[in-house]
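Read the figures in this text as sums done on the coordinates, not as results from a lab. Treat the numbers as computed from the prediction; the structure is a model and nothing was measured. Please note: Cβ atoms are built from the backbone with ideal geometry, for glycine as well, and neighbour counts cover all protein chains shown.
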Amino acid sequence: MSQQFDVAVIGGGPGGYVAAIRAAQLGFKTVCIDKGVNKAGDAPALGGTCLNVGCIPSKALLQSSEHFHAAQHDFAEHGITVGTPKMDVAKMIARKDAIVTKLTGGIAFLFKKNKVESIHGEGSLKGKNGDLWQIEVSGNVIEAKSVIIATGSNPRPLPNVAVDNKTVLDNVGALNLLDVPKKLGLIGSGVIGLEMGSVWNRLGSSVTVLEALPQFMPMADGQVAKEALKTFTAQGLDIQLGVKIEAVENKGKSVTVKYSVNGENKSETFDKLIVAIGRVPNTQGLNADAVGLKINERGFIEVDDECRTNLPNVWAIGDVVRGPMLAHKASEEGVAVAERIAGQKPHVNLGVIPAVVYTTPEMAWVGKTEEQLKEAGVAYRKGQSGFAANGRALGMGQASGFVKMLVDDKTDRILGVHIIGPMASELISEAVVAMEFSASGEDIARIIHAHPTLSEAIHEAALACDKRALHG
Ligand code: FAD
Ligand code: NAI
């Protein structure tokens, strides 16, 4: 007889592994099926894109490259002389790999602790046996009352461009370079483009970013995007907008990109080229058609607001469904689905999901942008506070950027907060909490913020919404 479970999770990324742990905590007999392997390809590795080739390794490299850059450019101002710093790229990559191994191993430990069964292999929906779903994994069949699909996403391919992860790279190759390329090309100025571009730019690459859209970072608030473009350009990133890629010729040791901008033909040869033009949901191998799992025209598994698919007791979460492709969104959906299976009534507020770009300065935002409010005809007030007058930011030597708060003109409810500046990734949490509690600008203005901290810029922005900023 097949092994039977209450809950089977397909995919062990931040959506799937978190869903499995929560389901087990709720008393369900749970299995997580994941096909991920480690960098060497010789052992299973849980954690999905995020832990293996996404969030975690990219942040490790961002940190290393930031230190290198600071040693070269910032230490002197503090009176520190270190000579000419040297970068051992292989060591930086090994440090990153060690962090990945520690965290992916940590999930295996958490599975044991929570009694989640872990099966390595590709999970494929076979059909039903009465009320139970049958899932085939590596030739074996298991059965489960409920299935949570968390199969994530893959890099969006650029037509006619083959990624070999030697010269033409996706996120996997971009995180594993062993030398600093002299000339690095990037197709796509999205989050990966900016983060990876920053890493290699700080380490000495000459970086060119080729972006199809005429507008830089359209997903961000316009003022943040404008400040970011100015700052990244000053840092040395050559960001070209409105680009049409005509051809990519991989010559092994170099790659030539032929493209046009406003009808003018251009050509650039790079040592390495990173293609980061978005990600596509991954439903391969699930046997979706045969079991009638509905997939929309953009390739996402169709779900309702609560992550239910069209099939009974089959749920889907994370990058494989609508919404931002972010690890924290995937995890929250995983928790919520496990709790719904247990009859609870959790809620994931898709309107209050923080977004962060881990460049220098960092960018982070939550809620509506000014452009979105204008388009929706919402009357709002705004308050802004620059880090230039913030004592802590000056002490850190990172006093560029600002916090902008947007509040409803009548009710004063916070509608959006947009930050470009030091530790924006951490600062945004205050705004997220405030918005989840439906706070007003005045609520934040009346809350004591420690001095001297970066969070005082949020306080000042809230005060500015009521035209009573004290330091602005
Ligand atoms: P995934 O993490 O993609 O996991 C899916 C898992 O399912 C994989 O292990 C896959 O092998 C497995 N799988 C697929 N099909 C099957 C099958 N049929 N059977 C068994 N297993 C299967 N997000 C952030 O929030 N913050 C960041 O800083 C951030 N940085 C990023 C940096 C990069 C370079 C990239 C590429 C992404 C980054 N992301 C970041 C996005 C984040 O990685 C994803 O949003 C997140 O991993 C999605 O989680 P998931 O569980 O839905 O899918
Ligand atoms: P993205 O969607 O952020 O950006 C892709 C960019 O490529 C867009 O600006 C798009 O206009 C451009 N583009 C598309 N087709 C193009 C073409 N043919 N030529 C030139 N440019 C083209 O996607 P990205 O950077 O690949 O990242 C994928 C996802 O991973 C992100 O959307 C995000 O959800 C997640 N991620 C999150 C991070 C974070 O939270 N800090 C970090 C990295 C990735």
Note on the chain, DSSP bridge orientation, antiparallel percent to nearest 5 equals 65
Taking the Cβ of each residue in 2, 146 as the centre, tally the other Cβ atoms inside 10 Å and list the residues starting with the fewest.
2, 146
Farthest toward positive dipole pole in the range 168-276 [+1 Lys/Arg, -1 Asp/Glu at C-beta], among 252, 185, 214:
252
For a Förster distance of 45 Å, can you work out the FRET efficiency between the beta-carbons of residue 113 and residue 77, rounded to the nearest 0.05?
0.45
So what is Rg over Rh here for the range 90-158, counting just Cα atoms and using Kirkwood for Rh?
1.11
Cα-derived Rg over Rh, computed across the chain with Rh taken as Kirkwood radius:
0.98
What value, in deg cm²/dmol to 500, does the helix sum -39500 (n - 2.57) over DSSP H runs of n ≥ 4 give at 222 nm once divided by the residues of the chain?
-9500 deg cm²/dmol
Sum of side-chain charges, residue 467 neighbourhood, beta-carbon under 14 Å (Lys, Arg +1; Asp, Glu -1):
-2
Take the Cβ-Cβ distance between residue 304 and residue 164 as r, set R0 to 35 Å, and report the resulting FRET efficiency rounded to the nearest 0.05.
0.30
Would you calculate the separation in nanometres between label points at residue 394 and residue 67, each defined as 7 Å from the Cα along the Cα-to-beta-carbon direction?
3.0
Check: the range 254-330 dipole with +1 on Lys, Arg Cβ and -1 on Asp, Glu Cβ, in debye
160
Residue 466 to residue 265: extension gain in nm, 0.36 nm per residue of separation minus the Cα-Cα distance?
67.3 nm
For the residue pair residue 178 and residue 371, what label-to-label distance in nm results when each label sits 7 Å from Cα along the Cα-to-beta-carbon direction?
4.2
So if each residue of separation counts as 0.36 nm, and I subtract the Cα-Cα distance between residue 1 and residue 349, what length gain in nm does that give?
121.2 nm
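Would you mind ranking 418, 120 so that the residue whose beta carbon has the fewest other beta carbons within 10 Å leads the list? Intermediate results must be reported in sequence, preceding the final value.
Numbers: 418 31, 120 17.
If I rank by nearby Cβ atoms, fewest first, I get 120, 418.
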Hey, could you grab the Kirkwood Rh for the range 361-464? Inverse mean 1/r over distinct alpha carbon pairs, Å, one decimal.
13.4
Net charge of Cβ neighbours under 13 Å - reference residue 232; Lys, Arg +1; Asp, Glu -1:
-2
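For residue 67, what is the net charge nearby, where nearby means another residue's Cβ is under 14 Å from its Cβ and Lys, Arg count +1, Asp, Glu -1? Write out the running numbers ahead of the final one.
Numbers: positive: 59, 86, 91, 95, 96, 202; negative: 66, 74, 88.
Computed value for this residue: +3.
Checking the table 382/404; 183/258; 86/166; 294/329; 183/272 against a 18 Å threshold on Cα-Cα, which pairs fail?
Among 382/404; 183/258; 86/166; 294/329; 183/272, the Cα-Cα distance tops 18 Å for 86/166; 294/329.
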Calculate the spin-label point distance for residue 247 paired with residue 322, positioning each point 7 Å from the Cα along the beta-carbon direction, and give it in nanometres.
4.2
